[in-house]
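See structure below.
Values in this text are rule-based calculations from the coordinates and carry no lab data. Keep in mind that what you see is a predicted model, and the values were worked out from it rather than measured. FYI the Cβ positions are ideal-geometry reconstructions off the backbone, even for glycines, and counts take in every protein chain you see.
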Amino acid sequence: MSTQLWDLLRGAMATKALGIAADLRISEALADGRHSVSELADTTGADPQTLHRLLRALASEGVFAEDEPGVFRNTEASAALTADGWTEFAHLFGSVFYEATGTTDPHTHDETFSRRFGADFWSWLAEHPSERAAFDAAMAGGKDRHADRLARLEWRVDELVVDVGGGNGALLRALLQRRPQLRGVVFDLPETDRNESDFDDRLRFVPGSFFEAVPEGDAYLLSGILHDWNDERAAAILQTIRRAAPKQARLFVIDTVLAPGNEPQGAKWLDLLMLVIGGRERTEAEWRALIESNAFSVTRVEDGLIQASCH
């Protein structure tokens, strides 16, 4: 029991250490093989003693490995930091999210992010372009897995798919690669970090706010969007989509469905971050209530994918 408690208590230190390692690009520095701490310190500008202590702690958890005193290499876990948005996730969790969770207040369910940063999370992102770019890159991670899942569904020829809050377009681009008969619109705020060369005749970017209006389409994607908002704001997003959607349109929500009881699930911890930002993770019953109270009929619920249609 004491080990279990200690693992929980030291979690904040592990988060910070991993965030620092990501910001210093240690995994990239070790991509060509083993290096001494002094070499890594010269490359990154870090203090050698502090860097050694950080890497030693991470290596004790399998993130990096110290093969001999002061000499480190990548492991499977640390090498993964260089791909799929993990560097950006580690940066965010080791910096802005790390500080934000310190504002957790058991006396309110309102967002508390603004207490520390002077603005809500989304306004703060808009004011910090480098953090917005990191956030968009982190959100793009894992899109191939989601695209594979979506591609297995039934699609009609020439359907127009609107990815609402689609970021840099990674998910929709991956889906169109798997389903070339589809067309797509990535809809997001104009400041979204994106590469314009990724868009062509089949895929275009439309700027705007999903609280105001969205383009008309045959199918709508909400990938990791609704969990960012409380029920009132999430309902407003769904209502905006429903106003634009034709009668036959479908809705696909890519989000976690919280497991009942005491089942371990990362999203139960992520929910605490959502709490301070102003969002929430949801159970199946909560998802059904949210979606069906806003003019959609839920047709299928699986962890990670909720399907609905207009009614």
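Within straight-line reach of LYS143, meaning a Cα separation under 23 Å, sit the following lysines at least 8 residues removed in sequence or on another chain: LYS268.
Between 0 and 90 degrees, the angle of helix 129-140 with respect to the longest Cα principal axis of the chain falls at about 70 degrees. Distance between the C-alpha centres of the stretch 102-133 and the stretch 56-84: 32 Å, rounded to the whole angstrom. Over every Cα atom in the chain, the radius of gyration and the widest Cα-Cα span, Dmax, amount to 21.1, 66 Å. Between ARG73 and ASP23, the modelled labels are 2.9 nm apart [label points 7 Å from Cα along Cα→Cβ].
Direction-averaged projected area, Cα convex hull, the stretch 197-253: 4.6 nm², rounded to one decimal. Distance between the pseudo-spin-label points of THR43 and GLN239 (7 Å out from Cα toward the beta carbon): 5.3 nm. The long axis of helix 48-59 is offset from the longest Cα principal axis of the chain by roughly 60 degrees. For the stretch 38-94, the alpha carbon convex hull comes to 90 Å³ per residue, rounded to a whole number. When the alpha carbon coordinates of the stretch 259-311 are projected onto the principal axes, the ranges are 34, 24, 15 Å, largest first.
When GluC sites (Glu not before Pro) are flagged only if DSSP places them in a loop and at most 15 other Cβ atoms lie within 10 Å, the longest unflagged stretch of the chain comes out as 217-311. Taking 0.36 nm per residue of sequence separation and removing the Cα-Cα distance, the ASP148/SER293 pair yields an extension gain of 49.3 nm.
For the chain, the longest principal axis of the Cα atoms and the long axis of helix 231-244 meet at an angle of about 50 degrees.
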